[in-house]
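First comes the structure, then the notes that go with it.
The values are calculated or read from the model by the stated rules, or taken from the named source; none is laboratory data. Please read all numbers here as calculations on a predicted model, not as lab measurements. Neighbour counts run over all protein chains shown; Cβ positions are idealised from the backbone, glycine included.
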Amino acid sequence: MSLTFSTNSLKWNLPEGQNIVKITNDTKQNFAIKVKSTNAEIYSTAPVTEIIKAGYVLNLVVVRKKGPMKDEKLVEPTEIDAAEVFKKPKITPNVFMITMKCEE
């Protein structure tokens with residue numbers, strides 16, 4: 001048992017808008033989360049930090065502000081050099097992450 005997400009990707013058809021991701025805590029313990037973005041000028045979330053109590057569901061609101069449409073990149077947890085990570089064409093996660101990929 002662990003945290004589960006209602007989706008593993010988000011899609012915007014317009015340069016701005018919002019989506020909601022439901023994060024479910026199916027465990028018997030509380031989970032603390034903190035959401036970070038590599039493109040804070042375009043993306044924001046509410047809440048940024050939160051405690052998801054055991055058995056509860058959190059609605060995470062992801063807002064995309066108006067800006068150019070492009071693919072977003074994700075970082076693997078084993079990476080140690082952030083500059084090199086963002087030079088790679090495709091990065092796939094194996095931890096709890098929400099893929100923020102915008103498609104026209």
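For this structure, a couple of remarks:
- Considering Thr7, Thr24, the condition of being within 13 Å of Val61 (Cα to Cα) and among the β-branched types (Val, Ile, Thr) is satisfied by Thr7 alone.
- Selection within region 1-32 - out of contact with any Lys or Arg (no Cβ under 9 Å at 6 or more places or on another chain), modelled with pLDDT under 85 and surrounded by 11 or more Cβ atoms within 10 Å (Cβ to Cβ): Asn8
- Members of region 33-52 found to be under 11 Å from the mean Cα position of the chain (by Cα) and charged (D, E, K, R), listed by number: Lys34, Lys36
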